[in-house]
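Read-outs: derived from the displayed coordinates by stated rules, not from any lab. What you see is a predicted model; the values in this text were computed from it and never measured. Positions of Cβ are backbone-derived with ideal geometry, glycine not excepted, and every protein chain shown enters the neighbour counts.
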């Protein structure tokens, strides 16, 4: 029996998720997005470690938040945090909090969204790699923009 190339499949399906997330999609592509996220998650569970598991749960959460399934987004954001380790780089911790903020926003939990934005900013302040920090900051800015556009409730101060 041939060995399954889990790492290759995990990376390919993760990248395919990003490609679909970044463009307009049809309904069938929305379903494909869910399938890709779970496929990547499954294969990372076979060959990855806590960091890959957290990132794959983050991606599933991101997909569900994008598609407006708040409860599922929150559940997978929580699963991503369950893998949190003291060895994670600051950018990843910030990214997990960004994912929680995005999921909370999709679930209309504005208080949790604001708390997660604040936690992401705190974690991001510890990131020494400028490129990693800029990438996560861009995602966080997107969440903050959606948060501001969606309602007039107080938002954490920048």
(message) So if each residue of separation counts as 0.36 nm, and I subtract the Cα-Cα distance between residue 141 and residue 21, what length gain in nm does that give?
(response) 41.5 nm
(message) Could you work out the relative contact order of the chain? I mean the mean sequence separation of Cα pairs under 8 Å and 6+ apart, divided by the number of residues, in percent.
(response) 17
(request) Before rounding to the nearest 500, sum -39500 (n - 2.57) across all DSSP H runs of length at least 4 in the chain and divide by the residue total; then give [θ] at 222 nm in deg cm²/dmol. (result) -25500 deg cm²/dmol
(message) Per-residue counts of other Cβ atoms within 10 Å, averaged by peptide: what ranking do you get for 94-102, 33-41, highest first?
(response) 94-102, 33-41
(request) Grab the eigenvalues of the alpha-carbon gyration tensor for the range 11-70, scale each by 5, take roots, and send me the semi-axes largest first in whole angstrom. (result) 20, 11, 9
(request) First check a/c for the range 33-97, with a ≥ b ≥ c the square roots of the eigenvalues of its C-alpha gyration tensor; if it is under 1.5, answer rounded, and if not, answer prolate when a/b is larger than b/c or oblate otherwise. (result) oblate
(request) First measure r as the distance between the Cβ atoms of residue 85 and residue 130, then evaluate 1/(1 + (r/R0)^6) with R0 = 25 Å and state the FRET efficiency to the nearest 0.05. (result) 0.60
(request) Would you calculate the separation in nanometres between label points at residue 1 and residue 108, each defined as 7 Å from the Cα along the Cα-to-beta-carbon direction? (result) 4.7
(message) Could you list 147, 25 so that the one with the fewest beta carbons within 10 Å of its beta carbon is first and the one with the most is last?
(response) 25, 147
(message) If I model a spin label at residue 51 and residue 29 as a point 7 Å from the Cα along the Cα→Cβ vector, what separation in nanometres do I get?
(response) 3.1
(request) Sort 1, 146, 59 so the one with the fewest other Cβ atoms within 10 Å of its own Cβ comes first. (result) 1, 146, 59
(message) I need 14, 64, 42 ordered by Cβ neighbour count within 10 Å, fewest first.
(response) 42, 14, 64
